[in-house]
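The values are calculated or read from the model by the stated rules, or taken from the named source; none is laboratory data. Predicted model, so just to flag it, every value in this text is computed and none were measured. When we count neighbours, we look across all protein chains shown, and the Cβ atoms used for this are built from the backbone with ideal geometry, even at glycine.
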Amino acid sequence: MSDNPRIGVDSYLEWLKGEGIPTVEDFGVDLFTVDTRPWARLGVNGAAVHLKGRGDFVSMFVLDLAPGAATSPQRHLYEEVLYVLSGRGSTTIEAADGRKHTFEWGPKSLFAIPLNTRYRHFNGSGSEKALLVTTTSLPAVLNMFHNEVFVFDNPYSFEERMGQSKYFSGEGDFIPALPGQHMWETNFVPDLAAIELKAWDERGAGSKNIMFILADGTMHAHISEMQIGTYKKAHRHGADFHVICVTGKGYSLFWYEGQPDFHRVSWQHGTVFAPPDQMFHQHFNAALSVHRQQAQVADRRRRGRPEAGRRFDQRETGRRADRIRGPVAADPRAIPGRNAQSGRRGEHARVPLSAACSRRAGGRTAVRSAQ
Ligand SMILES: [Fe+2]
């Protein structure tokens, strides 16, 4: 028997150790402040971001491209969704048959790399750096196959994942579904702050959202909007929802059922957090502007068993226990999900934040308004 049995190995973490880049781990992270160091694999600076609420499927990396810099060509068997925090540049994607697609991105662009295609990112500015954050399914894939050659040097071509040429130019196809589930299929969204969202009235005052199918992936992203002076009703679901603030300022509260205290994360553009598995959370828009947040998730919108996907989205399960509806007196953390003006129940409710926070002050944890 070996003196050093290899058990309990996390192939992703083992691989990451060998990459030599810093790893930041926290409940919430300001992506603009992440310390990045040279990453030989990509030829630019990078860092890994591990959120406390991440599950087994995805993790994040920050890519820091110096003025005029470009990443070395990459190809891999895991999915990747990128968001541009700052800077302007372009990405070239090359299919196995040599066809190339190049698109230009700027702040708040979102795009995906079609599976196992060769690609490079270029910083188009000679004076400003470009900061990108990428959410990848590398942890799941590397732990599944635990073979780096198979994952990073695999010749198989998934031609069907390339999608239509227009998907690389900012166009897409709208796929209507139920409110809250409408989808936009594309590979590239030029500006998440500007894309038209669809009303989701059932969810409350002025709520809007859209689901993305990106490069026909099994990871998906979605974006939702909260109006001024509103909060999202407390809810919980599975892990791996990496939520990034796109516009607005505010904060979120987190707690496990029965816990007397909150964990609080303040956010603004570039803040990311991941609500841990089945931890209640509630988002408050505390700015005088609408708040948009995107989530990148190991989930599927097109493929797979619908009931399997529901594990990640309690809104579809009908599990009322996952959304707090009780009176404030019964649980000071449970601000009722009733719209104070219309009386309608909804996922978002519109009340003056000062009122919401003073109600909370009756609980064991007083919460000051961020306004
Ligand atoms: Fe959530």
The conditions are (1) under 19 Å from Lys108 (Cβ atoms); (2) away from the ligand (no atom under 16 Å from the Cβ), and Asp173 fails exactly one of them. Which is it? (1)
Does Phe152 count as closer than 22 Å to Lys100 by Cα, touching a His at 6+ places or on another chain (Cβ under 6 Å) and either of a type in the set (Gly, Ala, Ser) or more than 16 Å from the ligand (Cβ to nearest atom) (or both)? yes
Say whether the condition of being at pLDDT 90 or above, surrounded by 17 or more Cβ atoms within 10 Å (Cβ to Cβ) and in a strand (DSSP E or B) is met by at least one residue in the stretch 294-305. yes
Quick one: what pairs do we get from the stretch 196-207, first residue modelled with pLDDT of 80 or more, second aliphatic (A, V, I, L, M), C-beta under 6 Å, 6+ apart or different chains? Leu197/Ile210; Lys198/Ile210
Return yes when Tyr78 is farther than 30 Å from Gly248 by Cβ and within 20 Å of the chain's Cα centre (by Cα) and no when it is not. yes
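Being of a type outside the set (Val, Ile, Thr), assigned by TED's automatic domain parsing to the domain that holds Ala221 and outside any loop (DSSP other than H, G, I, E, B) is the requirement here; does Glu185 meet it?
Against the criterion (of a type outside the set (Val, Ile, Thr), assigned by TED's automatic domain parsing to the domain that holds Ala221 and outside any loop (DSSP other than H, G, I, E, B)), Glu185 qualifies.
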Quick check on Leu65: is it under 30 Å from Asn147 (Cβ atoms), of a type in the set (A, V, I, L, M, F, W, C), modelled with pLDDT of 95 or more and touching a helix residue (DSSP H, G or I) at 6+ places or on another chain (Cβ under 7 Å)? no
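Do you know which of the residues in the stretch 191-211 that are closer than 23 Å to Thr134 by Cβ and in contact with a Leu (Cβ under 8 Å, 6 or more places away or on another chain) is nearest to the ligand (Cβ to nearest atom)? Spell out how you get there, then give the answer.
To start, the set of residues in the stretch 191-211 that are closer than 23 Å to Thr134 by Cβ comprises 191-195, 209-211.
Filter once more, so that each one left must be in contact with a Leu (Cβ under 8 Å, 6 or more places away or on another chain): 192, 209-210.
Details: Leu192: 18, Asn209: 12, Ile210: 16 Å.
Restricting to residues being closer than 23 Å to Thr134 by Cβ and in contact with a Leu (Cβ under 8 Å, 6 or more places away or on another chain), the top hit is Asn209.
Condition (residue is assigned to a strand (DSSP E or B), within 22 Å of Ala298 (Cα to Cα) and either more than 15 Å from the chain's Cα centre (by Cα) or in the same structural domain as Ala298 (by TED's automatic domain parsing) (or both)) applied to the stretch 86-103: is it met by at least one residue?
Kept after step one, since they are assigned to a strand (DSSP E or B), are these residues of the stretch 86-103: 86, 89-94, 100-103.
Okay, now just the ones that are also within 22 Å of Ala298 (Cα to Cα), so none.
No: zero hits.
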List every residue pair whose Cβ atoms lie under 7 Å apart, where the two residues are 6 or more positions apart in sequence or sit on different chains, the first residue falls within the stretch 241-265 and is within 20 Å of Thr134 (Cβ to Cβ), and the second residue, located anywhere, is away from the ligand (no atom under 14 Å from the Cβ) and part of a loop (DSSP other than H, G, I, E, B). His242/Val58; Cys245/Gln268; Cys245/His269; Cys245/Gly270; Val246/Lys108; Val246/Leu192; Val246/Ala193; Val246/His269
Which number in (1) outside the structural domain of Ala95 (by TED's automatic domain parsing); (2) surrounded by fewer than 20 Cβ atoms within 10 Å (Cβ to Cβ) marks the one condition that Asn147 misses? (1)
Taking the residues in the stretch 269-290 that are away from the ligand (no atom under 14 Å from the Cβ) and not in a loop (DSSP other than H, G, I, E, B) as candidates, determine which candidate is modelled with the lowest pLDDT. Asn285
Scanning the stretch 159-194 for residues that are buried (at least 19 other Cβ atoms within 10 Å of the Cβ) and hydrophobic (A, V, I, L, M, F, W, C) gives Met162, Phe168, Met183, Trp184, Phe188, Val189, Leu192
Of the residues Tyr156, Tyr119, Tyr83, only one is outside any strand (DSSP E or B) and at pLDDT 95 or above; which? Tyr156
The stretch 15-36 residues that are outside the structural domain of Phe241 (by TED's automatic domain parsing), paired with ones that are surrounded by fewer than 16 Cβ atoms within 10 Å (Cβ to Cβ) and in a strand (DSSP E or B) (beta carbon under 6 Å, 6 or more apart): Ile21/Arg37; Pro22/Arg37
Regarding Ile195, is this residue in the same structural domain as Ala286 (by TED's automatic domain parsing) and within 12 Å of Leu110 (Cα to Cα)? yes
Scan of the stretch 54-84 for residues that are more than 13 Å from Thr136 (Cβ to Cβ), touching a residue at least 60 places away in the same chain (Cβ under 8 Å) and crowded, with 21+ Cβ neighbours inside 10 Å, ordered by number: Asp64, Leu65
Looking only at the stretch 227-264, filter to residues that are closer than 22 Å to Val84 by Cβ and among the hydrophobic types (A, V, I, L, M, F, W, C); which one of those is surrounded by the fewest Cβ atoms within 10 Å (Cβ to Cβ)? Val246
